[in-house]
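Down below is the structure, laid out as structure tokens.
The values are calculated or read from the model by the stated rules, or taken from the named source; none is laboratory data. Keep in mind the model is a prediction, meaning the values are calculated, not measured. In this analysis, Cβ positions are derived from the backbone assuming ideal geometry, glycine residues included, and neighbour counts consider all displayed protein chains.
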Amino acid sequence: MLGYLWGKEAYGAMLWAGAVSDLAIAEHLEDPRYRPVMIAIAREVLAQAPVPVESFDGFDPADLDGSLDRLAALNRKSAKQYSGIYRDLVVRKRKTEIDEMLRDLDGPIFAKVGDIIHDIEQGRRVNCQANLDELAAFVAGRA
């Protein structure tokens, strides 16, 4: 059970990262410019898992690159094109659960996502692709 939950945490981290942009889930997962971000943030979470991580719905911790393709295809068929995180920020204009997530997940990439989310929540930024570009540059600078 814990292995499944840690897989969901890794996928969820990708959704948090994508939610800073105005791209649909499938778009930010499959865009070659953002694949390094999605893989790096998933790895950051997976490295914290205290148990072996389980696969689910196309997510395979041993094949993160392939997971992005499978998850993008799955999301492309979904009626829900944007994450609940994105909807909280853009539609409902309400605070997300990022502070709770930051207490549970550690790492510089997820912390950077948290900073951007806080800026959006406080009206200093809007959800746009430039935020994801900034994350991509941050990840590239750490490589």
Kindly indicate whether any position in the stretch 37-58 is of a type in the set (Phe, Trp, Tyr), in contact (Cβ under 8 Å) with a residue 12 or more places away in the chain and crowded, with 18+ Cβ neighbours inside 10 Å.
-> no
Within the stretch 33-57, work out how many residues are under 16 Å from Leu15 (Cα atoms), modelled with pLDDT of 95 or more and not hydrophobic (A, V, I, L, M, F, W, C).
-> 6
Out of Arg70, Arg92, which single residue is modelled with pLDDT of 95 or more, under 26 Å from Pro32 (Cα atoms), over 14 Å from the mean Cα position of the chain (by Cα) and among the charged types (D, E, K, R)?
-> Arg70
